[in-house]
Amino acid sequence: MNSCRSKNKDDECHAVCRQVVSSFCEHFAIDALSPKLKKIQDWDNLIARLEQHGLATVTLNLIRSGNISINNDAQKTLVGLEIRDRYRWRQLQSALLDVHTAFRKSGIEFTCIKGSAIANMVYPEPHYRPMEDLDILISGAERKEAQRALADAGFMTTMPYTGHLRHHHHLPPMVRGANGSKVMVELHTQGLSRDHSLVITNDNLAGPRYQFEINGVEFNTLGHIDHLILLTRHTFSRRLEIRLLGIMDILRYCSRYFDEIDWRRIQKQHPFILNTLRCLYPVTGIPEQLKSVVPQITSIPSGIGEGMMPLTEIRSRRLGFWTKLKYLFLPSEWWTHIFYNVPPEKSLLTVRFFYHPMRLLRWLRLRL
């Protein structure tokens, strides 16, 4: 009985998390958020789930804008998390400006990817989008110069990668500061890990770079198509539960730049982006303007919101042999449709029996 109650509470919390993302996509969703919040009894669990999905500060601002009344202690906790996120962004911003100065002085071309770009491009304020580190894309030929430039800016190199990580898509993180003021920079030679068949490098972009500003300083980032490739592939990498922040990044980006994105080119050259967007209908809905290029799905796969357990976790967790095989060979239908670009209306048999086992073999070879 207690396990059922716990599951029901967790389901309620996850429903709120999805509703937070939906509130951006659908005008009626914020009205539906209020009654869901009033039903919450375990606020500690909800706030933990919001933190897990990177949605605490966004949720607080929805509560404010909708004049939604919530538990007083929960309100104070969310305000504290917002203060933390705002402080964290100031630290990251200062570090990013120093990286800009150091790289420009050394003549190193770089591209901001992931959080630092998305936070400044599609969110009302950058701290709405939590970040742990700064991801910078550089040319592999300039890795040594880039590390030296960061060292001159006060960043220290961490332990070198060994084994199969020697060919990792980013260099060992470089860190400045300590404890609550620590900032980490990851220098990427590729935007995506080698586990993906797609390659994103400074020399292999689908289109011209885009720019954003911080305090009047201009930074390069990926163009629209490269951004959508990176966002969709990275969000649906191997995770047991797909983080809703990644889904919100995708939807906000598509909505903000809808008129600038070349949807015809995406349909011809990168149809997996459209298939990914289609599969988001049963999770959070999608912005209204996207519905003109992304048809509604007619078949809802099982395992909505679930992904595939990372290989290291499958290996390290104390699981039975058959359970490990299940996690390896039978990830959720929903994730499989997205990862292998199979429309939800089509069968997964070929993927299950051929493409996925072949992909597993490739992943294992990369780790030998």
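Among the residues making up segment 164-178, those that are free of Cβ contacts under 8 Å to residues at least 24 places away in the same chain and under 19 Å from TRP363 (Cβ atoms) are LEU165, ARG166. Pairing each residue of segment 74-101 that is among the hydroxyl-bearing types (Ser, Thr, Tyr) with any residue that is assigned to a helix (DSSP H, G or I) and buried (at least 17 other Cβ atoms within 10 Å of the Cβ), provided the two are 6+ apart or on different chains, yields C-beta distances under 8 Å for THR77/TRP43; THR77/ILE47. In segment 12-41, the residues that are under 13 Å from LEU55 (Cβ atoms) and of a type in the set (Val, Ile, Thr) reach residues that are at pLDDT below 80 and part of a helix (DSSP H, G or I) with C-beta atoms within less than 9 angstrom, at least six apart or across chains, in these pairs: VAL20/ALA29; VAL21/ALA29. Taken over segment 54-67, residues that are part of a loop (DSSP other than H, G, I, E, B) and surrounded by fewer than 17 Cβ atoms within 10 Å (Cβ to Cβ) amount to 2. When GLU213, GLU186 are checked against the criterion of being of a type in the set (Asp, Glu), loosely packed, with under 15 Cβ neighbours inside 10 Å and under 26 Å from ARG90 (Cβ atoms), GLU213 stands alone in meeting it.
Is it true that ALA149 is over 21 Å from TYR210 (Cβ atoms), among the aliphatic types (A, V, I, L, M) and modelled with pLDDT of 95 or more? Taking the combined requirement at face value, the residue satisfies it.
Scanning segment 312-357 for residues that are assigned to a loop (DSSP other than H, G, I, E, B), out of contact with any helix residue (DSSP H, G or I) (no Cβ under 7 Å at 6 or more places or on another chain) and aromatic (Phe, Trp, Tyr) yields no hits at all.
Exactly one residue out of LEU319, LEU348, LEU311 is in contact with an Asp or Glu (Cβ under 7 Å, 6 or more places away or on another chain) and more than 27 Å from SER255 (Cα to Cα), and it is LEU348. Criterion applied to GLY216, GLY207 was being over 21 Å from ASP98 (Cβ atoms) and of a type outside the set (Asp, Glu), and the one residue passing it is GLY207.
Is at least one residue of segment 203-226 part of a loop (DSSP other than H, G, I, E, B) and among the hydroxyl-bearing types (Ser, Thr, Tyr)? No: zero hits. Checking LEU192, LEU134 one by one, the residue that is under 29 Å from LEU50 (Cα atoms), in contact with a Cys (Cβ under 8 Å, 6 or more places away or on another chain) and either surrounded by 16 or more Cβ atoms within 10 Å (Cβ to Cβ) or not aromatic (Phe, Trp, Tyr) (or both) is LEU134 and no other.
Highlighted here are the helices (runs of 4 or more DSSP H) found entirely within segment 71-173 that include at least 1 residues which are in contact with a Gly (Cβ under 9 Å, 6 or more places away or on another chain): 72-106, 143-152. Annotation note: Cβ proximity below 8 Å between a residue of segment 208-230 that is farther than 22 Å from HIS196 by Cβ and a residue that is aromatic (Phe, Trp, Tyr) and assigned to a helix (DSSP H, G or I) (sequence gap 6+ or interchain) occurs for no pair.
Within segment 41-49, does at least one residue satisfy the condition of being of a type outside the set (S, T, N, Q), farther than 19 Å from ASP11 by Cβ and out of contact with any Asp or Glu (no Cβ under 6 Å at 6 or more places or on another chain)? No, there is no match, as no residue in segment 41-49 is of a type outside the set (S, T, N, Q), farther than 19 Å from ASP11 by Cβ and out of contact with any Asp or Glu (no Cβ under 6 Å at 6 or more places or on another chain).
Annotation note: of LEU240, LEU251, LEU244, the sole residue that is farther than 30 Å from ASP98 by Cβ and touching a His at 6+ places or on another chain (Cβ under 7 Å) is LEU244. The residues in segment 266-311 that are touching a Ser or Thr at 6+ places or on another chain (Cβ under 8 Å), in a helix (DSSP H, G or I), in contact (Cβ under 8 Å) with a residue 60 or more places away in the chain and closer than 19 Å to SER22 by Cα can be counted, and the count is 2.
Between residues in segment 135-163 that are touching a residue at least 40 places away in the same chain (Cβ under 8 Å) and residues that are part of a strand (DSSP E or B) and of a type in the set (A, V, I, L, M), which pairs lie under 6 Å by C-beta distance while being six or more apart or on different chains? That search, which allows pairs on different chains as well, returns ASP135/ILE113; ILE136/LEU187; LEU137/ILE113; ILE138/LEU187; ALA146/ILE138; ALA146/LEU187; LEU150/MET174.
For the list (1) free of Cβ contacts under 8 Å to residues at least 24 places away in the same chain; (2) out of contact with any His (no Cβ under 9 Å at 6 or more places or on another chain), I need the number of the one condition that SER181 fails. Checking SER181 against (1) free of Cβ contacts under 8 Å to residues at least 24 places away in the same chain; (2) out of contact with any His (no Cβ under 9 Å at 6 or more places or on another chain), the one that fails is (1).
The values are calculated or read from the model by the stated rules, or taken from the named source; none is laboratory data. No experiment lies behind these values; they were computed from the predicted model shown. A quick note on method: Cβ atoms are made from the backbone with ideal geometry, for glycine too, and the neighbour counts reach across all protein chains shown.
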